[in-house]
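A short worksheet on the structure shown next.
The values are calculated or read from the model by the stated rules, or taken from the named source; none is laboratory data. This one's a predicted model, so the numbers in the text were calculated from it and none came from an experiment. Neighbour counts run over all protein chains shown; Cβ positions are idealised from the backbone, glycine included. These area figures cover heavy atoms from the full protein model, side chains too; ligands, DNA and RNA do not enter into them. Shrake-Rupley method; radii C 1.70, N 1.55, O 1.52, S 1.80 Å.
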Amino acid sequence: MAEWIKRGTAAAVRAEADRKVRDTVETILADIEARGDAAVRELSVKFDGWDRDDYRLSDREIQNCIDQLTGQDLKDIEFAQTQVRRFAQVQRDSMKDVEVETLPGVILGHKNIPVNAAGCYVPGGKYPLLASAHMSVITAKVAGVPRVVTCAPPFGGKPAPAIVAAQAMAGADAIYVLGGIQAIGTMALGTQSIDPVDMLVGPGNAFVAEAKRQLFGRVGIDLFAGPTETLVIADDIGADAELCATDLLGQAEHGPDSPAILLTTSMALAHETIREVERLLEILPTADHARRAWESFGEVIVAEDDAEMLRIADDIASEHVQVMTRDPDWFLHRMTNYGALFLGARTNVSYGDKVIGTNHTLPTRKAARYTGGLWVGKFLKTCTYQRVLTDPASAMVGEYCSRLCALEGFAGHGEQANIRVRRYGGREVPYAGRAEPVEA
């Protein structure tokens with residue numbers, strides 16, 4: 001039986017916080033829809049202290065941001081983007097258009113068609129998270145999206161040079177300096193100066209996530225996202241307390257509501273990791289965020305064996321799962337609910353977040369039970385088509401269709417079939433609304 005050495009905040013506390021966010025977002029989105037640019041400008045001034053006539057950056061402003069980075073900065077961004085683009089292209093190549101003759105004279109197929117316009121949000125309020133530009137813009141472009149716009153908040157009262165450079169290098173068609181709900185609402189709803197998009201992607205804080213949730217249906221979204229989550233699965237052979245504590249706090253620094261969980265079969269490792277977390281919190285520059293997250297949402301669980309760890313891990317369905325055990329592949333072959341796996345001590349969540357090539361926009365709050373993360377397929381619509389080549393094929397399918405429509409009472413549908421049986425099969429079939437369906 002598993003034992004919880006440390007537990008996080010009760011679900012009721014989280015639910016109340018969610019309710020407040022939900023109400024705020026609903027009011028702001030309604031204002032943006034009603035007043036457009038005027039509302040967006042007021043919100044930008046209120047929340048970001050950022051005011052200008054046009055929130056889209058000019059080519060000169062973009063180049064100025066790029067010029068502020070060192071040559072090494074640009075090479076590092078280019079390296080990361082190459083990895084993301086390379087893996088995204090492999091994913092795109094795995095998705096094939098198909099066409100097959102399923103019956104003599106009957107052709108069925110599907111095409112993978114990119115959405116026409118995507119809006120990519122790049123968070124940058126606390127940290128200038130340029131990696132999100134790689135993950136969203138490059139993935140959309142590899143999918144073939146013709147128009148990709150980006151929004152990121154100002155950082156320190158001006159556009160964040162690294163974010164702008166990453167957006168431009170990734171291939172964004174338009175770059176806006178807007179943050180939070182106003183960015184999401186602007187891209188989804190459109191205003192007098194900004195055309196709406198068909199799909200929204202990218203991580204963000206609770207307000208950004210809720211805005212995407214409320215707009216889902218009017219536009220597509222990548223997934224329902226909450227605070228960053230990490231789960232470390234470890235035993236006393238695959239890891240030590242320093243590695244476990246480092247990997248927990250490395251994600252907890254995202255924000256004060258980021259769950260960080262250690263799941264282990266070693267009671268000694270559990271207690272040593274707790275002590276190591278406290279030691280690191282005394283020296284970690286981002287300890288303010290990480291400590292609040294650890295104290296409120298950190299958990300330490302000791303399980304009896306790997307099988308029990310597997311059951312608990314699949315129930316948690318964490319966004320990130322770092323596996324540092326004697327046999328990490330045992331979990332790879334058996335786990336079903338996770339956003340991304342990081343197998344062995346040599347890799348870690350930060351690699352996935354920043355540079356290695358897999359996408360870092362991943363499901364949270366147990367959404368890993370039914371979806372994976374952002375990838376090229378999210379920007380593609382798999383649309384079917386059919387073609388009937390011969391008269392006998394149309395008449396034959398029509399006879400089956402007619403009888404099935406009669407079972408459902410759909411006379412109009414039945415007549416669509418019957419008229420083709422009459423024309424292409426040479427059979428005298430009565431009008432579907434007044435007679436029996438076609439007999440075999």
With a cut-off of at most 12 other beta carbons within 10 Å, and DSSP calling the residue loop, which chymotrypsin sites (Phe, Trp or Tyr not before Pro) in the stretch 354-384 qualify? Please list them. 370
Once the dipole of the chain is set up from charges on Cβ (+1 Lys and Arg, -1 Asp and Glu), the residue from the list 302, 146, 159 lying farthest towards its positive end is 146
Over the stretch 102-161, what per residue volume does the convex hull of the Cα atoms give, in whole Å³? 94 Å³
What is the local net charge at residue 387, summed over the other residues whose Cβ is closer than 10 Å to its Cβ (Lys, Arg +1; Asp, Glu -1)? -2
Cross-link pairs 111/212; 111/378; 212/381 - those with Cα-Cα distance over 25 Å: 111/212
For the stretch 118-257, what is the percent of antiparallel DSSP beta bridges, rounded to the nearest 5? 0 percent
Computed about the Cα centre, the charge dipole of the stretch 207-327 from +1 Lys/Arg and -1 Asp/Glu charges at the Cβ has a magnitude in debye, to the nearest 20, of 680 debye
Exposed loop sites here are GluC sites (Glu not before Pro) in DSSP loop states with at most 16 other C-beta atoms within 10 Å. What is the longest stretch of the chain lacking them? 1-281
Tail beyond 21 Å, pair distance distribution of the stretch 146-283 (Cα, percent): 56 percent
Run through every distinct alpha carbon pair of the stretch 1-80 and return the Kirkwood hydrodynamic radius in angstroms, one decimal place. 17.6 Å
Expressed as a percent, the accessible surface of the chain that is carbon or sulfur, using a 1.4 Å probe and the full set of protein chains, is 52 percent
Cα to Cα, under 19 Å, and not fewer than 8 places away if on the same chain: which lysines meet these conditions relative to residue 354? 75, 126, 141
Quick check on the stretch 32-133: what does the Kirkwood estimate of hydrodynamic radius come out to from the alpha carbon pairs, in Å? 18.7 Å
Over the stretch 339-406, with a single point scatterer placed on each C-alpha, what log10 of the ratio I(q)/I(0) does the Debye formula yield at q = 0.15, 0.20, 0.27, 0.28 1/Å? -0.66, -0.91, -1.19, -1.22
For the chain, with the dipole built from +1 on Lys and Arg beta-carbon atoms and -1 on Asp and Glu ones, taken about the Cα centre, which of 395, 312, 136 lies farthest toward the positive end? 395
Cα point-scatterer Debye curve for the stretch 284-377, base-10 log of I(q)/I(0) at q = 0.23, 0.24 Å⁻¹: -1.36, -1.39
Binned at 5 Å starting from 0, the alpha-carbon pair-distance distribution of the stretch 83-194 in whole percents comes out as 2, 12, 19, 18, 15, 10, 7, 5, 4, 3, 2, 1, 0, 0
With N denoting the number of residues in the chain, provide Rg(C-alpha) divided by 2.2 N^0.38 Å, to two decimal places. 1.19
Determine the dipole magnitude for the chain: charges of +1 sit on the beta-carbon of Lys and Arg, -1 on that of Asp and Glu, nothing else is charged, the reference point is the Cα centre, and the result goes in debye to the nearest 20. 1340 debye
Please report the antiparallel percentage of DSSP beta bridges with both residues in the stretch 35-156, rounded to the nearest 5. 50 percent
Taking 2.2 N^0.38 Å as the expected size of a compact globular protein, what ratio does the Cα radius of gyration of the stretch 287-440 give against it, to two decimals? 1.89
The set of residues whose placed amide H lies less than 5 Å from the amide H of residue 216, leaving out same-chain residues fewer than 5 positions away, is none
I'd like the antiparallel share, as a percent to the nearest 5, of DSSP beta bridges with both residues in the chain. 35 percent
Taking a probe of 1.4 Å and leaving out DNA, RNA and ligands, the stretch 319-385 shows per residue an accessible area in Å² of 46 Å²
Table column - 3J(HN,Hα) (Hz), the stretch 129-134, Karplus curve with 6.51, -1.76, 1.60, x for Gly and Pro: 7, 4, 4, 5, 5, 4
Rounding to the nearest 20 debye, state how big the charge dipole of the stretch 14-139 is about its Cα centre with +1 on each Lys and Arg Cβ and -1 on each Asp and Glu Cβ. 360 debye
